[in-house]
Number of protein chains: 4
Amino acid sequence: MNFHLPTYKEPDFNQEPFLSAPDAQTVKVTIEGVAPEHYHGLSIYPEYFKIQGQWILARESRMDGVPVLKSDGTIQVVEFRNLKVGDQVIVGRSEDGRQGIYVYARGFSSHEASADLFAFRSGRSRETAYSKDYNDLYDLLNYEKDHGYIVWVLGPAVVFDYDSRLALSALIANGYVHAILAGNAMATHDLEAALFGTALGQNTYNQQSPPNAHYHHLDLINKAREAGSLDQLIEKESIHDGVVYSAIKNKVPLVLAGSIRDDGPLPPVIANVYQAQDEMRKHTRKATTLICLATQLHTIAAGNMTPAYTQKNGEIRPVYIYCVDIAEFAVNKLKDRGSLSVTTLVTNVQDFVVHLRNNLVSS
Amino acid sequence: MNFHLPTYKEPDFNQEPFLSAPDAQTVKVTIEGVAPEHYHGLSIYPEYFKIQGQWILARESRMDGVPVLKSDGTIQVVEFRNLKVGDQVIVGRSEDGRQGIYVYARGFSSHEASADLFAFRSGRSRETAYSKDYNDLYDLLNYEKDHGYIVWVLGPAVVFDYDSRLALSALIANGYVHAILAGNAMATHDLEAALFGTALGQNTYNQQSPPNAHYHHLDLINKAREAGSLDQLIEKESIHDGVVYSAIKNKVPLVLAGSIRDDGPLPPVIANVYQAQDEMRKHTRKATTLICLATQLHTIAAGNMTPAYTQKNGEIRPVYIYCVDIAEFAVNKLKDRGSLSVTTLVTNVQDFVVHLRNNLVSS
Amino acid sequence: MNFHLPTYKEPDFNQEPFLSAPDAQTVKVTIEGVAPEHYHGLSIYPEYFKIQGQWILARESRMDGVPVLKSDGTIQVVEFRNLKVGDQVIVGRSEDGRQGIYVYARGFSSHEASADLFAFRSGRSRETAYSKDYNDLYDLLNYEKDHGYIVWVLGPAVVFDYDSRLALSALIANGYVHAILAGNAMATHDLEAALFGTALGQNTYNQQSPPNAHYHHLDLINKAREAGSLDQLIEKESIHDGVVYSAIKNKVPLVLAGSIRDDGPLPPVIANVYQAQDEMRKHTRKATTLICLATQLHTIAAGNMTPAYTQKNGEIRPVYIYCVDIAEFAVNKLKDRGSLSVTTLVTNVQDFVVHLRNNLVSS
Amino acid sequence: MNFHLPTYKEPDFNQEPFLSAPDAQTVKVTIEGVAPEHYHGLSIYPEYFKIQGQWILARESRMDGVPVLKSDGTIQVVEFRNLKVGDQVIVGRSEDGRQGIYVYARGFSSHEASADLFAFRSGRSRETAYSKDYNDLYDLLNYEKDHGYIVWVLGPAVVFDYDSRLALSALIANGYVHAILAGNAMATHDLEAALFGTALGQNTYNQQSPPNAHYHHLDLINKAREAGSLDQLIEKESIHDGVVYSAIKNKVPLVLAGSIRDDGPLPPVIANVYQAQDEMRKHTRKATTLICLATQLHTIAAGNMTPAYTQKNGEIRPVYIYCVDIAEFAVNKLKDRGSLSVTTLVTNVQDFVVHLRNNLVSS
């Protein structure tokens, strides 16, 4: 039942076509933020590039980034908008090694074992049997708690409900959350629940809507803006429960990315979305497990920047991604990226989070 | 936190328009299975009819049935197809008492209290806060276990998963299930899981599909047909877990209604759907709580025949209906009937059933 | 742009393993309605059985039926419940010819061409580009109108709306509909619209609900039961539009299968679901195109009994199946059967039917 | 059948409680971007404020904005983040006039007429009859084409399909589109279709995925970034069809708001979401009709900033909002704001747009 990290098997470059393959070609960037023609686009998988006769692994990857060869011989992954004039971009679109570029999709032993199940697993839906997925996740999180970096991506639905909001807070307090990526709405609703007991004006437990409670939402934002920061809001208003409170108290980084749907916004929300991407990527590049709950926008944003592998203490290990949503369409959006590491669960995130708390946190 | 049955407040017929209202009119059926023109159609609510100067409560109700005045002065509820020549059908379509017909929608004190929440509750969705609904349901089931009649309506999804199938079995074994209404598929998948560990050929725990496992479904049906009954199948094949096994072992009635989608079918499946309705109604007329899981067909069928109230030891009490499905559209179908007693939860029934087991059955 | 029927390429049985394969084995039925152990279960594909040294094609197929060798050397497809004592059932579960059983999935040239797209097409959703599917369907229906047998499977949603109800009627009147499989609800709502302008009490054009219009549903059923048949109802009430009217006027067979959800039912509704299956299969065995609209129950029932091929004037040709529903989950249910001939469209059937009328029927 | 603008009936302020109501109170902003306590939050409805004895209508509204009394006696609507120190914010949360604040929800005659249908219309779903809604919309758009300002809010799905992309282009070319609000994805997929015939690498007509076509997406973005603007891209690459091309050619403003999900982005995408809100609001404040297609993010963003009325040449008229999505949950999100002017259609936007083109643009 306990979790074992699958071992990564390096490709054997002492054979063809690797031996006689040429070095990967590079072309210099001449316009800021624009890649040279035939640039190579990165995938979620480990990618090796032949540089001066050696096959070098890009230390990180992210989908839709381009590989830039640095003067120290390393390969860095850069988004288009961050390309600088003079950057040496690797060009070439074959992936089998013959152009000095090798995309390696099957490095983890356990993944190979499940490869023949791919067709079957592609049909995950509300009727898939999730018992083993839950059990595997409990084992994984108990391992990752101490050995990994667990990044949670949260939509607002998870704090609308009394139990799930407290369950998530308990997971934070008990070390199962190492970073949170979310938006203005999740934080606002959570803090409204802390201060007024409501979310968007509706009581998170008894579902009642007190008179004028629709003002709570804006009142909370206004108070936060007045306080100047979430730390100060929490202190000033003596807030002592919830996701934001637990994150701040337990020093769990909380990245709040702005969107055009925002009211307010709360003080720490990042208005520039590409700056927000950079802040998010600081955490996804460290992520060993990513858990995405009921948010298509943030899930796809985080999913696109998270590779199928990461390096931890010099070892290459898989990154596990979970995506939980009540709509098949939503979870399939992420699964379509083709990663074998994505596990989708079709259910209400309230129930999902409460199950996790019940199985991970002793009461 | 504990459950209290709301008390029923009889209408006060010692006032107008009841006092001066005429007796309800009746017209005789002249064609088998056809109601006279202007027949009165029944609702889910308690309905009173003025008969020889007295206001008489129809002992039962069901939506879309018609009230028939029997020679002993009682009012019986009859489906169109069951009308006999000579039956005295009550006619009239006003419901306020003036025609001797009174539909009484607000007899239960606690319902009145929640009346002003109706607009708000109509918007239940995946984002509704369900904590209190769960807690209320735990309390209700602990009460009903000893004092009520809990009818479960089961779609096949509930037995596709290892944990939820066992959770439901535990609820049966512990007295939380008094009757089960389902179809050929639920019973077949459950028995396939008992015999082969798969449902439709897929392992209910590890999601794997062994070679030729798609035959398990038909093999199970064929074995059951050979055994002649589910009791004999269970004995012959030494089946010892699951919903069907638990129902039979605990003498919980199991009504399996046929549909055009059926393979086989299993021996006890009722081929004639109107005969199946009659068998189902034997249980819904006794029901004090109805729990419908992930089946639109059976849920609407059972919902249509279940009134908002029932009489238990001479007392009139509400019937509680829960409808759980992952699609808002599906739960709204039942809610549209307008009963205040219907509580809808939008989630995966696997999680729902496991939560119930965890909170009701001591391990 | 015009439709061309793909040609069927017979398997070449003059090669191994076919030449040295043994005859298919048969075992006699000893219990009514029960297949012998190791019975062979049929698929949607053409299946050949080696009988006395010759490879014989089962003339028809249906999923989950069993092949019975008749005394005249033909192979008949029989449902479990219809097996008679003494029937010679073919046994064996390998499908590659070595047991005298050969399942032939790639007989149609055009299907092979699209085979390498299978992975991609498996992901059909609301975001799939449907332009070509519409155009192909227009061409197909213009061909099938004269050369095929077009069976429509209708859920009630298609008659809730004014335009789509009339559009479907126009398709019937213009020869694009050769048989209709549906349930009590579709026919009832359609006739209610013809008589009262409402469906379930709601005006099909302006969406308004006149006072007491919820009685229209039962009134229509009651009138139909009084009339004794739909023909007589239409004459007696001077009904002159809609799906049922158009079907009867144009002598298009209408099979109405009963379900436990039915009110009434209407006179011709078949109460026994297995008898209803038999009536449905009379049409699906002739079907060259099957169009299923917004009904999970009837779609899966009809889909299960419809093979991927049919024989028309001695020629083997593909059967085209279209499944239209607004939910990905619903259309995937049918697609999961694996037939390359199923084309799914995720949209509201109202719009689908109106598009068909606009492009097929000159106004 | 033709469209008539409902007339607006001014409230009669020559009666109580308006006559004896006090002036609305104001409090000065003391912290940049923070409203004073008890600020009044605006709704989508016309709101009147008593200022120096006169009832003044706020010229515009937007949900969640606050009313600021300017030195010239007008009331301006300001978002929290745009509040300046010294701004006179109106305070008070009663809405019936007694505090000098009057929210007027029933100013349009035709809306009153439909008020008693509200309960019924709240249940719009895939099974609602949409014929009249389509016809009303055709009439409305023919009126608005010349007399209104039609703002379209577009999700990417609308350009994935060949026919719907061209249909939308035809609507632009024929004057039915006065402004477009969208994101990076819609514009990128549309331009990819113009240049490569694919969207996200998949042919928009025949659904095939040519080898390496997944690069088209990034190639298009890279070319656009190289060109420096969409105008220059269109010229340089000789693009001559699609939504972006038609908008630019017909001088229809196109606001592209950034999101954390963006690749690239394209040159004109606005990185700062609050600046993007400001650009969007320049159009929603002029909007007389808003049509939102298959995008929850942009729809809610635009919906929140669009009031139920607007002033056009001194006249107050309603703003019509249409929201089209295949998921009931998505359209209900917008409807929940309570505006009677929102018409929701549950269908695939491909079919919706093609219907509009077929009925509005002569071929």
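The values are calculated or read from the model by the stated rules, or taken from the named source; none is laboratory data. The model shown is predicted, which means the values in this text are computed figures rather than measured ones. Please note: Cβ atoms are built from the backbone with ideal geometry, for glycine as well, and neighbour counts cover all protein chains shown. When the accessible area is computed, the model is the full protein with side chains, heavy atoms only, and any ligands, DNA or RNA have been set aside. Shrake-Rupley method; radii C 1.70, N 1.55, O 1.52, S 1.80 Å.
Tabulated data
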read-out: Between segment A:138-194 and segment C:121-193, the alpha-carbon center distance in angstrom; value: 47 Å
read-out: Two-decimal log10 I(q)/I(0) for chain D, as the Debye equation yields it once each C-alpha is a single scatterer, q = 0.07, 0.08, 0.10, 0.11 Å⁻¹; value: -0.34, -0.44, -0.67, -0.80
read-out: Gyration tensor (alpha-carbon) shape descriptor, segment A:251-354, a/c threshold 1.5; value: oblate
read-out: For chain D, built as a Gaussian network whose Cα springs stay under 10 Å, the top-fluctuating residue of D:E315, D:E47, D:E95; value: D:E315
read-out: Heavy-atom accessible surface that B and A bury in contact, both chains counted, 1.4 Å, Å² to 100; value: 3200 Å²
read-out: Average other protein chain Cβ within 10 Å of Cβ, residues C:132-144; value: 2
read-out: Euclidean distance of C-alpha centroids, segment A:263-314 and segment C:221-236, integer Å; value: 64 Å
read-out: Global form of segment B:260-321, assessed from the alpha-carbon gyration tensor, a/c cut-off 1.5; value: prolate
read-out: Protein accessible area in segment C:131-360, 1.4 Å probe - carbon and sulfur %; value: 44 percent
read-out: Teacher prompt: D:E235 distances to equivalent labels in other copies, 7 Å Cα→Cβ, nm; value: 5.7, 7.6, 9.0
read-out: Cα long-axis angle, helix B:162-173 against chain B (0 to 90 degrees, to the nearest 10); value: 50 degrees
read-out: Accessible area expressed per residue, segment C:131-285, with surrounding protein chains retained (probe 1.4 Å, Å²); value: 32 Å²
read-out: Residues of segment C:18-48 buried by at least 40 Å² on assembly (accessible area, 1.4 Å probe, chain alone as reference); value: C:V34, C:Y39
read-out: Label point at C:K236 placed 7 Å out along Cα→Cβ; residues across segment B:21-47 whose backbone nitrogen lies under 13 Å; value: B:30-37
read-out: Out-of-range pairs (alpha-carbon distance over 29 Å; input A:K132/A:K251; B:K282/C:K251; B:K223/C:K50; B:K282/C:K28; C:K223/C:K249); value: A:K132/A:K251; B:K282/C:K251; B:K282/C:K28
read-out: Tail beyond 17 Å, pair distance distribution of segment B:25-103 (Cα, percent); value: 35 percent
read-out: Axis-nearest residue of C (beta carbon) for the C-onto-D rotation, whole Å; value: C:D351, 2
read-out: GNM top mover of A:R98, A:R281, A:R261 - chain A, alpha-carbon springs below 10 Å; value: A:R261
read-out: Interface residues, segment C:259-288 - accessible area loss of 50 Å² or more versus chain alone, probe 1.4 Å; value: C:I260, C:R261, C:A271, C:V273, C:Y274
read-out: Other-copy label distances relative to B:K249, 7 angstrom Cα-Cβ extension, nm; value: 4.4, 6.2, 7.3
read-out: Neighbouring partner chain Cβ atoms per residue of A:223-235, average, 10 Å criterion; value: 2
read-out: Accessible area of segment B:7-118 divided out per residue, in Å², using a probe of 1.4 angstrom; value: 48 Å²
read-out: Selected from A:S94, A:S169, A:S246 as most flexible by GNM, with chain A as the system and alpha-carbon contacts under 10 Å; value: A:S94
read-out: Three-way shape call for the protein assembly as shown based on the alpha-carbon gyration tensor, with the a/c threshold at 1.5; value: rounded
read-out: Drop in accessible area of at least 40 Å² in the complex versus isolated chain, residues of segment C:298-337, 1.4 Å probe; value: C:I326, C:F329
read-out: Pseudo-label separations to other copies for A:R98 - Cα-to-Cβ vector, 7 Å, nm; value: 3.6, 8.3, 8.8
